[in-house]
Amino acid sequence: MLQGRVLYKMGVAFTAATIPGAIAGVVLVQYLNTKWFSALFGVFLLLVAAFLHRGQRLPFLPAASEHVVTQDLQSFGSPSMRFGILISFLVGGLSSLFGIGGGIIHVPFLIVILGIPVHAATATSHFVLAITSLTGALAFLRRGQVHVPVAASMGLGVLLGAQVGAFLSLRMRSEPIRRTLALALAIFAVWLIVRVVF
């Protein structure tokens, strides 16, 4: 936020969509067998990782300049904003289903599907997920499914790591950040597939 990279109007809209998605994921995880869904979703994420590594949007989406995309996302009635709201709802649900921070999915989706510049995508996603992760955590806490000492120690580590990441992002171009994200997404996708097969 202090670096001025957060697209606030988009962030507020996406947060409003991600919170009910996270709550829905908390409910669904109690009943849903995610085994084969995980494998299929992992294959899709590998595809997204490949396009992210190349710096391309998915082929079925129209091409647009970063400036046009960013301007489009300042209007609540724009197609890009509505599509982004849908994506954010799904990411909220997926983060609760898989018990992960949604950023590993949300940031690549913002870049590859919506075409948002890398630095703006990472900053805005942090803004959104800081709120929605808390929502999901409180929902699980209410169900008595959170080990508080472990969560607190991990949270401290995440806070410290986030400061280091924000500091480094000021000194890195978008390309190495994008490729690092692609690698992290590919690793996560392979993990989803492998845990089903083995």
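The values are calculated or read from the model by the stated rules, or taken from the named source; none is laboratory data. Model, not experiment: these values are computed from the prediction. FYI the Cβ positions are ideal-geometry reconstructions off the backbone, even for glycines, and counts take in every protein chain you see.
Among residues belonging to the range 106-158 that are outside any helix (DSSP H, G or I) and in contact (Cβ under 8 Å) with a residue 12 or more places away in the chain, point out the one that is farthest from Ala189 (Cα to Cα).
Ranking the qualifying residues of the range 106-158, first place goes to Arg143.
Against the definition (modelled with pLDDT of 70 or more, surrounded by 12 or more Cβ atoms within 10 Å (Cβ to Cβ) and more than 20 Å from Gly93 (Cβ to Cβ)), how does Ser80 come out, yes or no?
yes
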